[in-house]
Amino acid sequence: MRKTLKLTILTTFTLFSALLTSVRGSIGFGSPAADGPASGRTLYIQNCSRCHGSNGRAQTALGRKLEAADLTSDDVQDMDDAKMIRVIKNGRTGMPGFGKKLNAAQIASIANYVRGL
């Protein structure tokens, strides 16, 4: 009986801790770094750097193979914001679109990051 009570208390405590941890971010507690949206740089590294490279120059093996755009070039840097967002969202020849994977704010964040490359 005593062992069952200890097990019940331990299980309840574990479940409550897990619930508290998962709800924490949605009610505004916790560190902004852990709970806040990913930065443009983080999103870029996770979604774009495989082809375009961490510096945007497309000098990765996959970037060279696919002839990925150099994001630091004048052609890309002179692109207006709406077009850049559209390319990230819908893709372009050889580049997949990210509109189904990322939301509008994340795509805009990546576009803003690319401007700074």
Trypsin sites (Lys or Arg not before Pro) lying in DSSP loop within the range 30-117, provided at most 14 other Cβ fall within 10 Å: Lys100, Lys101
Tell me the net charge near Thr60. Cut-off is 15 Å between Cβ atoms, Thr60 excluded, with +1 for each Lys or Arg and -1 for each Asp or Glu. +2
Pull out the extension gain between Asn112 and Ile45, defined as 0.36 nm times the separation in residues minus the alpha carbon to alpha carbon distance; nm, one decimal. 22.8 nm
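Values in this text are rule-based calculations from the coordinates and carry no lab data. None of these values were measured; they are calculated from a predicted model. Counting neighbours? That spans all protein chains shown, and the Cβs are built from the backbone with ideal geometry, glycine included.
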